[in-house]
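S.K.: Before I ask anything, let me first share the structure, which is written out below as structure tokens.
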Amino acid sequence: MGNSYEIYALRYATMSPRTPQMNYLMPDPHDTAAADLDYFVWLIRGGGRDILVDTGFNAAEAKLRNRVLTLNPVDALAAFGVAADSIGDIVVTHLHYDHAGNLDRFPNARFHLQEREMSFATGRCMCFGALRHPFSVEHVTLMVRHVYGERVSFHSGDGEVAPGVTLHRVGGHSDGLQVVRVETARGPVVLASDAAHYYGNLHRRSPFPIVYNIGDMCLGWETVERLAGHPDRVIPGHDPVVADIYPRASDKVDAFALHLKPSRSFAK
Ligand SMILES: [Zn+2]
Ligand SMILES: [Zn+2]
């Protein structure tokens with residue numbers, strides 16, 4: 001038995017209502033309703049350390065984009081008993097606004113990022129509104145500042161944050177998107193982030209409409225499934241079903257224990 005971590009999904013916002021066209025590039029024409037979009041950050045806990053995966057957005061960004069922020073992820077963490085200044089490692093799966101805000105709120109953190117994501121978010125693709133739209137220049141600028149402050153660990157392809165917590169670039173949705181594989185008592189759990197917004201994107205092999213490279217997105221589904229080794233160990237990035245099927249882990253904040261068995265199985 002190797003390393004064993006606990007993982008908590010902390011939900012900090014929800015976007016509702018949605019249309020099928022917002023969740024699937026090519027929705028089933030019979031679909032009339034669509035699932036809400038939940039926003040999460042993830043806390044990995046074990047070996048005496050807390051590792052945060054993604055940092056969410058803040059009130060200013062929510063206002064800019066007309067989103068409803070239930071509470072800042074930093075406050076969600078505090079309600080869960082974790083002070084922002086106690087976090088030593090933060091994995092940023094990609095630099096989209098809903099994953100890479102609040103970068104100024106973690107004074108002692110080192111940020112783990114794919115080299116390609118930094119290049120993508122600061123390169124010529126950002127001259128196009130269609131590709132730039134999910135990014136915030138304020139967030140990207142803060143990450144550049146962290147690079148200059150020697151607080152960024154760059155990964156190229158596969159990487160490791162701690163024994164049993166590994167990073168894997170899949171690209172697709174954003175060129176440097178990475179997923180996180182975490183050893184738990186129920187086997188390796190993969191935080192897919194936006195490699196699969198919904199279980200439906202993965203199971204129906206149906207891309208989410210915000211995409212840089214569809215080929216890489218499709219191959220990313222295979223990577224995520226291979227890394228997890230079981231369909232019940234893949235955690236989509238924005239699916240409200242996650243909150244329905246995983247045990248609640250707090251009465252103060254929407255936190256769900258992903259290292260425990262879900263109440264619903266996707267095994268065939
Ligand atoms: Zn994204
Ligand atoms: Zn996202």
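S.K.: Looking only at region 24-54, count every residue that is of a type in the set (Phe, Trp, Tyr), out of contact with any His (no Cβ under 8 Å at 6 or more places or on another chain) and farther than 18 Å from Ala83 by Cβ and tell me the total.
M.R.: The number of residues fulfilling the criteria is 1.
S.K.: Right, here's the next one. Restricting attention to region 57-78, report how many residues are under 15 Å from His99 (Cβ atoms), in a helix (DSSP H, G or I), open to solvent by 10 Å² or more (accessible area, probe 1.4 Å) and of a type outside the set (D, E, K, R).
M.R.: 1
S.K.: Taking the condition of being assigned to a loop (DSSP other than H, G, I, E, B) and either within 16 Å of ligand 1 (Cβ to nearest atom) or touching a Gly at 6+ places or on another chain (Cβ under 6 Å) (or both), how many residues in region 165-188 meet it?
M.R.: 8
S.K.: I want to confirm something. Restricting to region 200-216 and keeping residues that are part of a helix (DSSP H, G or I) and open to solvent by 10 Å² or more (accessible area, probe 1.4 Å), which single residue is farthest from ligand 1 (Cβ to nearest atom)?
M.R.: Going through the qualifying residues, I end up with His203.
Here is a yes/no grid of residues against (1) among the hydrophobic types (A, V, I, L, M, F, W, C); (2) within 16 Å of ligand 2 (Cβ to nearest atom):
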| position | (1), (2) |
| --- | --- |
| Gly171 | no, yes |
| Arg204 | no, no |
| Val211 | yes, yes |
| Leu219 | yes, no |
| Gly229 | no, no |
| Asp232 | no, no |
| Asp244 | no, no |
| Val253 | yes, no |
| Lys261 | no, no |
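S.K.: From the list Tyr39, Tyr5, Tyr12, which one is under 22 Å from Asp194 (Cβ atoms), open to solvent by 10 Å² or more (accessible area, probe 1.4 Å) and among the hydroxyl-bearing types (Ser, Thr, Tyr)?
M.R.: Tyr5
S.K.: Tell me which of these Arg45 doesn't satisfy, since it passes every other one: (1) assigned to a strand (DSSP E or B); (2) crowded, with 20+ Cβ neighbours inside 10 Å.
M.R.: (2) is the only condition that Arg45 fails.
S.K.: So how many residues does region 235-246 have that are more than 24 Å from Tyr97 (Cβ to Cβ) and either within 16 Å of ligand 1 (Cβ to nearest atom) or crowded, with 20+ Cβ neighbours inside 10 Å (or both)?
M.R.: Result for region 235-246: 1.
S.K.: State whether one or more residues within region 233-242 are assigned to a loop (DSSP other than H, G, I, E, B), over 12 Å from Asp194 (Cα atoms), touching a residue at least 40 places away in the same chain (Cβ under 8 Å) and not charged (D, E, K, R).
M.R.: Yes, the conditions are met somewhere in region 233-242.
S.K.: Separate question: Please find, within region 86-115, the residue that is nearest to ligand 2 (Cβ to nearest atom) out of those that are part of a loop (DSSP other than H, G, I, E, B) and open to solvent by 10 Å² or more (accessible area, probe 1.4 Å).
M.R.: Asp98
S.K.: Oh, and also: Report yes if Leu191 is at pLDDT 95 or above, within 13 Å of ligand 2 (Cβ to nearest atom) and under 21 Å from Gly56 (Cβ atoms), otherwise no.
M.R.: In short, yes.
S.K.: Any idea which of Ala249, Ala228, Ala257 is farther than 22 Å from Thr166 by Cβ, among the hydrophobic types (A, V, I, L, M, F, W, C) and open to solvent by less than 50 Å² (accessible area, probe 1.4 Å)?
M.R.: Result of the check over Ala249, Ala228, Ala257: Ala249.
S.K.: Now a separate question. Looking only at region 116-137, which residues are out of contact with any helix residue (DSSP H, G or I) (no Cβ under 6 Å at 6 or more places or on another chain), open to solvent by 50 Å² or more (accessible area, probe 1.4 Å), part of a helix (DSSP H, G or I) and without any contact (Cβ under 8 Å) to a residue 24 or more places away in the chain?
M.R.: Thr122, Arg124, Cys127, Ala130, Val137
S.K.: Being out of contact with any Asp or Glu (no Cβ under 9 Å at 6 or more places or on another chain), farther than 19 Å from Tyr24 by Cβ, open to solvent by less than 40 Å² (accessible area, probe 1.4 Å) and not hydroxyl-bearing (Ser, Thr, Tyr), is that true of even one residue in region 158-165?
M.R.: Yes, some residue in region 158-165 is out of contact with any Asp or Glu (no Cβ under 9 Å at 6 or more places or on another chain), farther than 19 Å from Tyr24 by Cβ, open to solvent by less than 40 Å² (accessible area, probe 1.4 Å) and not hydroxyl-bearing (Ser, Thr, Tyr).
S.K.: Now for a separate question. When you go through (1) β-branched (Val, Ile, Thr); (2) within 16 Å of ligand 1 (Cβ to nearest atom); (3) free of Cβ contacts under 8 Å to residues at least 24 places away in the same chain one by one for Val53, which number turns out not to apply?
M.R.: With respect to (1) β-branched (Val, Ile, Thr); (2) within 16 Å of ligand 1 (Cβ to nearest atom); (3) free of Cβ contacts under 8 Å to residues at least 24 places away in the same chain, Val53 is out only on (3).
The values are calculated or read from the model by the stated rules, or taken from the named source; none is laboratory data. None of these values were measured; they are calculated from a predicted model. Note that we place each Cβ from the backbone using ideal geometry, even for glycine, and neighbour counts take in every protein chain shown. Only protein heavy atoms, including side chains, enter the accessible area calculation; ligands, DNA and RNA are left aside. Shrake-Rupley method; radii C 1.70, N 1.55, O 1.52, S 1.80 Å.
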